[in-house]
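The values are calculated or read from the model by the stated rules, or taken from the named source; none is laboratory data. What you see is a predicted model, and the numbers here were worked out from it, not measured in a lab. Cβ placement follows ideal geometry from the backbone for every residue including glycine, while neighbour counts extend to all protein chains displayed.
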Amino acid sequence: MFLEGGFAFAQNKLPPSLGKHLTRHWTMSWHVYILRCSDDSLYCGITNNLKERLDEHNDRKGAKYTKTRLPVELIYSEELPDKSSACKREIAIKGWRREKKEALVTSSSGSRGR
């Protein structure tokens, strides 16, 4: 059951406006990603659209950090079910030393990265 404006609706009988919102929300995945910058530094972030976000970085519309380190290359991505999970994973990865980040990229090169 879902509520909208104080009314309960069965999952298969959602009002069109709410149904579209929930479907979009439920199917949207988030990604943690690592970029290799032109100076060989690594940048970690999250997004719900990898291609668009990579283009933003390379068009100088991304993070301040990457604007002076172009071009950037996507070397790792990991799909997560929601923004909260992605944020938690990003914080964890940002706390790692470079060697551990590189090991993550290397170990995933066949499935999620490069």
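A few comments on the model shown:
- Qualifying residue in region 32-51 (condition: touching a residue at least 12 places away in the same chain (Cβ under 8 Å), farther than 19 Å from G95 by Cα and surrounded by 18 or more Cβ atoms within 10 Å (Cβ to Cβ)): no
- Taking region 27-98 and the helices (runs of 4 or more DSSP H) fully enclosed by it, the elements with 1 or more residues that are within 10 Å of the chain's Cα centre (by Cα) are at 50-58, 83-94.
Per-residue answers, yes or no, for (1) surrounded by 14 or more Cβ atoms within 10 Å (Cβ to Cβ); (2) modelled with pLDDT under 95; (3) of a type in the set (A, V, I, L, M, F, W, C); (4) out of contact with any His (no Cβ under 8 Å at 6 or more places or on another chain):
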residue	(1), (2), (3), (4)
K61	no, yes, no, yes
Y65	yes, yes, no, yes
I91	no, no, yes, yes
G95	no, no, no, yes
G110	no, yes, no, yes
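- Just one of the numbered conditions (1) modelled with pLDDT of 95 or more; (2) farther than 24 Å from W96 by Cβ is not true of T27: (1).
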